[in-house]
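> Before we start, here is the structure in question, set down as structure tokens.
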Amino acid sequence: MNEAKGRVLIIAGSDSGGGAGIQADIKTVTMLGGYAATAITAITVQNTLGVTGVHPIPLEIVEAQARAVLDDIGADAIKTGMLGDIAMVETVARILDSARATPAVVDPVMVAKGGSNLLAPSAIDAVRALLIPRARLLTPNAPEAEALTGLSVQTTDDLRRAGEALLKLGAAAVLMKGGHVEGQSVVDVLMTGDGETTFEGERIHTRHTHGTGCTLASACAAGLAQGLALPDAVARAWAYVHEAMRQAPGLGAGHGPLDHGWPLRGVR
């Protein structure tokens, strides 16, 4: 087996505000010591107040971007984010099939923090059928888990039930995110066929949560790309995101970004 070099190919949309999407992904992988390469699926017009425009990238260009990276630089993990529609999901599934030995972290992005749809409802079945079985790790929040399973997800036990359903759909592992579940603490549950690991911490009451899902998934992908065991990759990612939220710079009038660069403060 080749030595893990920390290379992550990110297949996702661009966020002009820099808080989520490709921009958050690159920052996260870089800050955790990995190497980020990209295949951009869409250009969005957005800031902390919401998404006001989406320009999909042609399918052949998305596939060509990924192929250019895989054929030359290579990848130790692939992370998928905003895909948009059925055709893009099918294209990404084909890309993943061309790199079967590379673990894929699938973040089933459906709705932006401001409420804009980032995945056509008609594409949910395609994600269920084509991406979940190809996922080394699936990272849904509660609303995404509800859409993918048809189950109500209101409690931590509901997270577990939905996680079991997603494992049955073919995911090797599922990180069920509990940020939308009410409570004084936030509980995420990493589930595999061998059992579960729980990550729990204080709930940070803040409007600066834009990009948390993208950031967490990319941090997990960076860990896998560096050769970390899955629970260790998730634990490091979880700690990174928690601190990035705590140190959020307070930018924008809406859902503000995290501080992806917080580990540099000691260097500065």
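> May I ask you to compute the full-extension gain from residue 264 to residue 60, defined as 0.36 nm times their residue separation minus their alpha-carbon distance, rounded to one decimal in nm?
69.7 nm
> Now for a different question. Could you state the principal axis extents of the C-alpha atoms in the range 95-239, from the largest down, to the nearest angstrom?
42, 35, 27
> Rounded, prolate or oblate, given the Cα gyration tensor of the range 9-84, with a/c below 1.5 counting as rounded?
oblate
> Here's another thing I want to ask about it. Loop sites only, by DSSP: take the GluC sites (Glu not before Pro) in the chain that have at most 12 other C-beta atoms within 10 Å and name the longest stretch containing none of them.
Working: sites that count: 3, 182.
Free of exposed loop sites, the longest segment is 4-181.
> Report the charge-dipole magnitude of the chain in Debye, nearest 20, computed about the Cα centre from +1 at each Lys and Arg Cβ and -1 at each Asp and Glu Cβ.
440
> If I take every Cα pair under 8 Å that is 6 or more residues apart in the chain, average their sequence separation and divide by the length, what percent do I get for the relative contact order? Spell out each step's value before the answer.
Working: 611 pairs, mean separation 53.5, N = 268.
So the answer I get is 20 percent.
> Just to verify a number: FRET efficiency for residue 72 and residue 5, C-beta to C-beta distance, R0 = 22 Å, to 0.05?
Calculated transfer efficiency: 0.95.
> Using the basic label-point model (7 angstrom from Cα toward the beta carbon), what is the residue 232 to residue 101 distance in nanometres?
About 2.1 nm separates the two model spin labels.
> Apply the a/c threshold of 1.5 to the C-alpha gyration tensor of the chain and tell me whether it is rounded, prolate or oblate. Working shown, then result.
Numbers: a/c = 1.16, a/b = 1.08, b/c = 1.07.
Because its axes are fairly even, with a/c under 1.5, the chain counts as rounded.
> Another question, then. Calculate one ³J(HN,Hα) per residue across the range 165-170 by plugging θ = phi - 60° into the Karplus curve 6.51 cos²θ - 1.76 cosθ + 1.60, and present them in order as whole Hz with x for glycine and proline.
Calculated HN-Hα couplings, in order: 5, 6, 5, 5, 7, x Hz.
> Here is a further query. Can you give the convex hull volume per residue for the Cα atoms of the range 1-139, as a whole number of Å³?
98
> Another one. How far, in nm, would the chain grow between residue 198 and residue 125 when pulled straight, counting 0.36 nm per residue and subtracting the alpha carbon separation?
Roughly 23.4 nm would be gained on extension.
> For the range 189-268, what class follows from the C-alpha gyration tensor (a ≥ b ≥ c being the square roots of its eigenvalues): rounded when a/c is under 1.5, otherwise prolate if a/b is larger than b/c, else oblate?
Because a/c hits 1.5 or more and a/b exceeds b/c, the range 189-268 counts as prolate.
> In addition: Using helices alone, what [θ] at 222 nm do you get for the chain, with -39,500 (n - 2.57) per DSSP H run of 4 or more residues, divided over all residues and rounded to the nearest 500?
Helix contribution divided over all residues of the chain: -10500 deg cm²/dmol.
> Measuring from label point to label point, each 7 Å out along Cα→Cβ, what is the residue 155 to residue 87 span in nm?
4.5
> On a C-alpha basis, how far is the centre of the range 229-268 from the centre of the range 179-202 in Å? Whole number, if you could?
Cα centroid of the range 229-268 versus Cα centroid of the range 179-202: 18 Å apart.
> Determine, for each peptide in 8-20, 68-80, the mean count of other beta carbons within 10 angstrom over its residues, then list the peptides with the highest first.
8-20, 68-80
> Further question on the same structure: Where does each of 25-31, 212-218 land if you order them by average Cβ count within 10 Å, highest first?
Result, highest mean first: 212-218, 25-31.
> For the range 75-137 and the range 5-39, what is the separation of their Cα centres, given in Å?
Between the Cα centre of the range 75-137 and that of the range 5-39, the gap is 15 Å.
A short reminder: the numbers here are calculations on the coordinates, not readings from a lab. What you see is a predicted model; the values in this text were computed from it and never measured. Because the Cβ atoms are built from the backbone with ideal geometry, glycine has one as well, and the counts that use them run over all protein chains shown.
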